[in-house]
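The values are calculated or read from the model by the stated rules, or taken from the named source; none is laboratory data. What you are looking at is a predicted structure, and each value in this text was computed from that prediction instead of being measured. Cβ: placed from backbone, ideal geometry, glycine included. Neighbour counts: every protein chain shown. Quick note on the areas: whole protein, heavy atoms, side chains included, nothing else; ligands and nucleic acids left out. Shrake-Rupley method; radii C 1.70, N 1.55, O 1.52, S 1.80 Å.
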Protein chains: 6
Amino acid sequence: MKRVDGRKPNEIRKVKIIRDYYPHAEGSVWFELGDTKLICTATVEEKVPQFLKGTGQGWVTAEYAMLPRSTPVRVAREVMIGKTGGRTQEIQRLIGRSLRAIVNLEALGERTILIDCDVVQADGGTRTAAITASFMVLCDALKRLYESEVISEFPLKDYVAAVSVGIADNTILLDLCYEEDISAQVDMNIVMSGDGKFIEVQGTAEKTPFSKDELSKMLGLAEKGVRELIVIQKSALGKDNLMEKQS
Amino acid sequence: MKRVDGRKPNEIRKVKIIRDYYPHAEGSVWFELGDTKLICTATVEEKVPQFLKGTGQGWVTAEYAMLPRSTPVRVAREVMIGKTGGRTQEIQRLIGRSLRAIVNLEALGERTILIDCDVVQADGGTRTAAITASFMVLCDALKRLYESEVISEFPLKDYVAAVSVGIADNTILLDLCYEEDISAQVDMNIVMSGDGKFIEVQGTAEKTPFSKDELSKMLGLAEKGVRELIVIQKSALGKDNLMEKQS
Amino acid sequence: MKRVDGRKPNEIRKVKIIRDYYPHAEGSVWFELGDTKLICTATVEEKVPQFLKGTGQGWVTAEYAMLPRSTPVRVAREVMIGKTGGRTQEIQRLIGRSLRAIVNLEALGERTILIDCDVVQADGGTRTAAITASFMVLCDALKRLYESEVISEFPLKDYVAAVSVGIADNTILLDLCYEEDISAQVDMNIVMSGDGKFIEVQGTAEKTPFSKDELSKMLGLAEKGVRELIVIQKSALGKDNLMEKQS
Amino acid sequence: MKRVDGRKPNEIRKVKIIRDYYPHAEGSVWFELGDTKLICTATVEEKVPQFLKGTGQGWVTAEYAMLPRSTPVRVAREVMIGKTGGRTQEIQRLIGRSLRAIVNLEALGERTILIDCDVVQADGGTRTAAITASFMVLCDALKRLYESEVISEFPLKDYVAAVSVGIADNTILLDLCYEEDISAQVDMNIVMSGDGKFIEVQGTAEKTPFSKDELSKMLGLAEKGVRELIVIQKSALGKDNLMEKQS
Amino acid sequence: MKRVDGRKPNEIRKVKIIRDYYPHAEGSVWFELGDTKLICTATVEEKVPQFLKGTGQGWVTAEYAMLPRSTPVRVAREVMIGKTGGRTQEIQRLIGRSLRAIVNLEALGERTILIDCDVVQADGGTRTAAITASFMVLCDALKRLYESEVISEFPLKDYVAAVSVGIADNTILLDLCYEEDISAQVDMNIVMSGDGKFIEVQGTAEKTPFSKDELSKMLGLAEKGVRELIVIQKSALGKDNLMEKQS
Amino acid sequence: MKRVDGRKPNEIRKVKIIRDYYPHAEGSVWFELGDTKLICTATVEEKVPQFLKGTGQGWVTAEYAMLPRSTPVRVAREVMIGKTGGRTQEIQRLIGRSLRAIVNLEALGERTILIDCDVVQADGGTRTAAITASFMVLCDALKRLYESEVISEFPLKDYVAAVSVGIADNTILLDLCYEEDISAQVDMNIVMSGDGKFIEVQGTAEKTPFSKDELSKMLGLAEKGVRELIVIQKSALGKDNLMEKQS
């Protein structure tokens, strides 16, 4: 079976990463996964949410938005509605949780890494691409903190990347593009760490519930995709990869 | 290993269901799962969201809220903040998706079943309890529509119930109470249909990523829990169960 | 003349009080007045509004909400509209003022008792029932503060209870249920203290203005109702009634 | 006993009325009650709230605001907070109800009279002054509708005016100015119709509950004040008074 | 060519200024420019915006609103919409910038002069009238601060006044009234200081772009108007004019 | 005098235009003016604002936003504050007015061209760059409407472009970058049409008012800049330039 963009069912799309996209941000990347394009940045703030004050512990959080014409049909700016919608909030929370799972928040100290993910063009998989890209800028921002000796321990515990899997036309597909996504019976987003474990597993039967066997196959395919994305992350980090230096 | 409330790891809490809790609602239930107590109602609205107008298709949606002192520490009313928070929106969307997966929306016609889930007391598992309880009131509302001949086909395709599983103290637990939930390393919510398939799978590693083997065991335990809950649903519906009559 | 529920014109509905409804709240009650059912809780907050900071004086305030299907026709959640409506704000302010009238705010010290009134089922008289029920939880919260020696003087000066009166079909009625309320020409809510004085008098001619004589009769009937409610409050408090112990 | 402005306890302040203050409004008045100054206007809108559509019945509603420096200490504009506060909403609802009590809404037809009350200077009694002034502009707007034959029956059933009474320093006072109001133990607002009946009775014990005897004396004093205000209204209307012409 | 109100093209409307309109405000004025009427007040706040904290520098800011019936067709209150509109925000920012240009913010110290401009009646030119009137109350507020020795240097550097010019029916007009304004091809607002320099120049071609020559003529006419307004300001200030005393 | 980026005082920055940046938008451009980078798109909506319904006339409007890290110090997303700020609203209104001045709204018919301007990187002059870029996408969207025969007349009357001028260090500069902008005494934004006339003139003295002579020189420099920008627009449009074909 051929996919709309000619890929095989178990193939991820081409990734392009431009690091240090902005001259001033603590971490910034232009990230492309096929025709899905986004800008991710990391901002260090010397404060933490109320519930962490005085605990000595840091925080990682994320904001996500889409440019109005990033999608075929224009999406309204959320500021015009006056608040972030449910989908946006879900994605923001997912990105934040995923990143926190691989950060030593005690070593970060009482500061926040605020990740901004702005989708320039959306062709499916924006939330998983945002996680994979966010790892890059998180890494850069932490490196700056560590090298400027603001923190004495590099707080990154592992890699993190994410990919979508799904079932469309009864075929299990890796990394769905928009056209595949809207016709999929099942849509899963899998976030995994560098040691091959699960951080988040989110699967939704859009119309037809899925069996244990289908779930198992999707998880396997996702694992393959994440492993490939982490190889790409490592390659893009190159010599700036403090994790490899540590080990 | 004994749990805080004396249950075995693979045991769900005691369920109590009072049907037709309100005299006027199209469906209403007082639902208890251990010390988690909630009121679920179904309201039939003769309109659909904008994107469904003219399609002949219906909709099922949900709203969720907690009473301020349903939790040990008072939670602020969301109206005082001016908007529903991210957690609330996630839960509302989850309930809606879960129910839509087992409803024939074409047979429902252009009307909306609005499910209200109000948590009177929260002791963990409110979102999964809300789904299990929502099925009851959805069923009653659809039965009223069908018996009053507003719709000519009973639109329910299957049962749906949900349960939480997790890993706490390296033990895999079914149906976590609040105390277990806050100390869990992994927290999963599983929504399944009556034929034993998955509708939603949502697993989050709070701190430590989980392995494929752990995931597999959690899914198995969830399946057991959901099967027991569906038995309870059937028993509570009794002779009002149009699905059994059909088959 | 017989009323819809068989009562005599000067009769209040049956009251049911379950104290300590919640295991964790500083005060909590399940309160029924006929088919009007509500949950009232008291939360102690170690802070006061801006205008009281540094005065040594405390505050009592209230929040009020109705569950969506507490009424025959579903009421929209105020959070979906984004703000509390005018009726809700009026009721919240009324409850707060009524309670503050019988509390020694200096003896309370710089802390706030926040009363939550959530209507589970509404059959008329929710605002007056909320005041009568709030007294119970206020009393319990203050007792806890006093017995744990956070405050050295018990700050309750008197009882407070409230009841509605009105004119429907030219008959003066005590404690109107919903059906009576919507057809009433005049609707009054009376809040009184234990010594038989008025704290709030609010009367509204829905259509036909009322005479001085009618007003006088309504006030008399209200006084009877309040006196009976205070007897019920005393009985429910039993030996936890610090006011009786003091005298 | 002399009052701060030299009045006797049972005296109202000097009233000044400039009719047709705006060249374009359907009704408009500059109204002074002592140093309380406000602008009231009436706007006719050819629509009714949702719940009245198709009933053939009209509506009267009101909006109220204070200029920021109308009070000694500047009050924040409500738009800066993003919503109307509880006090404003109470007053708006009170003005609307008071006016509707003397209007034949069927004769008005499916249109709305929107009353705007903007307080230019506040020296106590703004809500009662707003009601008394609103009657004037309501009358003018209805006259225009009637004389232009938009409506065939003049829909005003009676006069309406309002006044405050209260107890300060154990003296019962009529028409409290700001200085008296803030030190008053009891604060009442009474709305009455031209036939001497009550439309609204709102009394609040700020600190000390009040007795039946005190209530009775306050009501008597209020009646005197309202009667005098209606004489002033009649005089200001002069030959434009369609009610007198009818009788 | 005669204008609608009989003025010559280069004539400003009649100005009326009532100083100290409010008994309590630090500066207040009733200001009329023809039929455009507004109330301006100045309030001194002992705080500055976040970005100025610790700089020793003060701030001048403005809020602007229109009474609902100040215009022929009622304008909705912005609080009912929930936020200030774009036009209001533009005007507020313009007034603030214009005043700050002639205030020595260092000499003011860390405090804010908050200017309120409320339009009672609008007949064109409200924003420029608001600037001219605001100067008066700013002057009074600063005088009070200076004379009470809160500040040791009088912080006003120059006068400021503003006027509108425009092109209607191919004639260049000074100080447009509402009727002229709505039919104008070009609309300019010019803010100038007492030494004849420009503080703000804002010109908009409503339909037809304007030439350099037309721009030059409009600027010349505006200069004439501002010079006349400053003469009126000086005359209204009289002996309270600390700037003249200084020189 | 050399500028921070080596330009001469009367030189504009290098412009880069990528047309048809998005595959689906009716008009879209990636636009760079030095280090100021933005994405502009045009969306055709078959509806007009309320006040134009039934007039047969179209509308052009704009929305503007900055990505959070487009600036050296992160700017908060306006949706997190809940509304668009004053600066954003001013810019949106300016872009809309500027474009409407060169569009024949009758020929457009009852539809809206919605322009989205999203600043990817901000180095001064974003609002003028947005206008210059918006012209490109407006042109493309109108061309599509015209060529698909939705409209029978090409509604563009002229070119429009905008540039900033200012005075910094007593030198008059064309097209200020961010560093120049923040230190400028005077900041002007000039919008001109292809025939060399003014559409908008907005000049602000940040601290020191400016003379008529300085104003005149700034206007001359702006004219030079706009003329160069229009040459660049023409070159980028090339053979898609329906205006040239018409003449």
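Projected label points at B:Thr171 and C:Lys2, each 7 Å from Cα along the beta carbon direction, are separated by 6.1 nanometres.
The dipole here belongs to the stretch D:110-246: it is taken about the Cα centre, uses +1 on the Cβ of Lys and Arg and -1 on the Cβ of Asp and Glu, and is about 420 debye. In order along the stretch D:80-89, the Karplus-derived 3J(HN,Hα) couplings, from 6.51 cos²θ - 1.76 cosθ + 1.60 at θ = phi - 60°, round to 6, 7, x, 7, 6, x, x, 4, 4, 5 Hz, and Gly and Pro are given as x. Among chain F residues, the beta-carbon with the smallest distance to the axis carrying F onto C is reported, with distance in whole Å, as F:Gly82, 5.
Within the shell of other residues whose beta carbon sits under 11 angstrom from the beta carbon of B:Thr41, the net charge comes to -4, with Lys and Arg scored +1 and Asp and Glu -1.
Determine the share of the stretch D:44-137's accessible area contributed by carbon and sulfur atoms, expressed in whole percent, with a 1.4 angstrom probe. Let's see the in-between values first.
On the way: 1530 of 2930 Å².
Heavy-atom surface of the stretch D:44-137 belonging to carbon and sulfur, 1.4 Å probe: 52 percent.
Accessible area per residue, 1.4 Å probe, Å², for the protein assembly as shown: what's the number? Write down the numbers at each step before the final one.
Details: 56680 Å² over 1482 residues.
I get 38 Å² per residue for the protein assembly as shown.
Note that the stretch F:214-229 has calculated 3J(HN,Hα) couplings of 4, 4, 4, 5, 5, 4, x, 5, 4, 4, 4, x, 4, 4, 5, 5 Hz, one per residue in order, obtained from phi through the Karplus relation 6.51 cos²θ - 1.76 cosθ + 1.60 (θ = phi - 60°); glycine and proline are x.
From the helices alone, meaning DSSP H stretches of at least four residues, give me the mean residue ellipticity at 222 nm for chain C, per-run term -39500 (n - 2.57), in deg cm²/dmol to the nearest 500.
On the way: 7 runs with 82 residues, N = 247.
The helix-only estimate for chain C comes to -10000 deg cm²/dmol at 222 nm.
Identify, among F:Pro9, F:Ala25, F:Gly238, the residue whose Cα sits farthest towards the positive end of the charge dipole of chain F, taking +1 on the Cβ of Lys and Arg and -1 on the Cβ of Asp and Glu, with the dipole about the Cα centre. Farthest towards the positive end: F:Pro9. Okay, which of the stretch A:22-52 sit inside 16 Å, backbone N to the point 7 Å along the Cα-Cβ direction of F:Ile18? Those under the cut-off are A:22, A:29-40. With its label point put 7 Å out from Cα toward Cβ, F:Glu153 sits 5.4, 5.4, 6.1, 7.4, 8.4 nm from the same residue's point in the other copies, in order from shortest. Proximity of backbone amide H atoms, modeled 1.01 Å from N, is registered between D:Ala161 and D:Met192 at under 5 Å, excluding neighbours fewer than 5 places apart on the same chain. Straight distance only, please: which lysines reach the Cα of B:Lys143 with their own Cα at less than 25 Å, same-chain residues fewer than 8 apart left out? Straight-line reach from B:Lys143, under 25 Å: A:Lys207, B:Lys16, B:Lys37, B:Lys47, B:Lys53, B:Lys157, B:Lys197, B:Lys234, B:Lys239, B:Lys245.
From the alpha carbon centroid of the stretch E:3-41 to that of the stretch C:71-126 is 46 Å. With contacts taken as Cα pairs under 8 Å at a separation of at least 6 residues, chain F carries a relative contact order of 20 percent.
Can you give the average number of partner chain beta-carbon atoms within 10 Å of each beta-carbon in peptide A:75-82, as a whole number? List each step's numbers first, then the result.
Details: counts 0, 1, 9, 5, 12, 5, 2, 12.
Mean number of neighbouring Cβ atoms from other chains: 6.
Between copies, the label points at D:Lys239 (set 7 angstrom from Cα along Cα-to-Cβ) are spaced 4.9, 8.1, 8.1, 8.3, 10.0 nm, reported in nanometres from shortest to longest. Derived scalar couplings between HN and Hα for the stretch E:67-74 equal 5, x, 9, 5, 10, x, 9, 3 Hz in order, rounded to whole Hz, by the Karplus curve 6.51 cos²θ - 1.76 cosθ + 1.60 (θ = phi - 60°), x for Gly and Pro.
Considering only protein heavy atoms and a probe of 1.4 Å, how much of the accessible area of the stretch E:167-244 is carbon and sulfur, as a whole percent? Can you show the working numbers first?
Values: 1530 of 3190 Å².
Summing carbon and sulfur atoms, their accessible area is 48 percent of the total for the stretch E:167-244.
Charges were assigned to the Cβ only: +1 to each Lys and Arg, -1 to each Asp and Glu. The resulting dipole of the protein assembly as shown about its Cα centre is roughly 0 debye.
The calculated FRET efficiency for F:Arg87 paired with C:Ser183, based on their beta-carbon distance and R0 = 35 Å, is about 0.05.
For the chain pair C and B, the interface hides roughly 2700 square angstrom of accessible area in total, found with a 1.4 Å probe.
Projecting the Cα atoms of A:Ile167, A:Met192, A:Phe154 onto the dipole axis of the stretch A:137-201, where Lys and Arg carry +1 and Asp and Glu carry -1 at the beta carbon, places A:Phe154 farthest toward the positive end.
Note on B:Arg227/C:Asp35: beta-carbon distance plugged into 1/(1 + (r/R0)^6) with R0 of 25 Å gives a FRET efficiency of 0.10. Other residues with beta-carbon under 10 Å from the beta-carbon of F:Ala236 carry, at +1 per Lys or Arg and -1 per Asp or Glu, a net charge of +2. In the stretch E:159-199, which residues become less accessible by 20 Å² or more once every protein chain is in place, relative to the chain on its own, using a 1.4 Å probe? SASA drop of 20 Å² or more in the stretch E:159-199: E:Lys197, E:Phe198, E:Ile199.
Find me the longest stretch of chain F that has none of the exposed trypsin sites (Lys or Arg not before Pro), where exposed means in a DSSP loop (not H, G, I, E or B) with at most 12 other Cβ atoms within 10 Å. Longest stretch, sites excluded: F:54-206.
Across the identical copies, the label point of A:Glu106 (7 Å from Cα in the Cβ direction) is separated from its matches by 5.1, 5.1, 5.9, 7.7, 7.8 nm, in order from shortest.
Averaged over peptide A:207-214, the number of partner chain Cβ atoms lying within 10 Å of each residue's Cβ comes to 5. Close amide H partners of C:Glu11, meaning residues 5 or more places away or on another chain with modelled amide H under 5 Å apart, are C:Leu174. List the residues, sorted by chain then number, that are 5 or more residues from F:Asp20 or on another chain and whose placed amide H is less than 5 Å from its amide H. The list, which skips near neighbours in sequence, is F:Ser28. Charge dipole (Cα centre; +1 on Lys/Arg Cβ, -1 on Asp/Glu Cβ; no other charges) of chain A amounts to roughly 220 debye.
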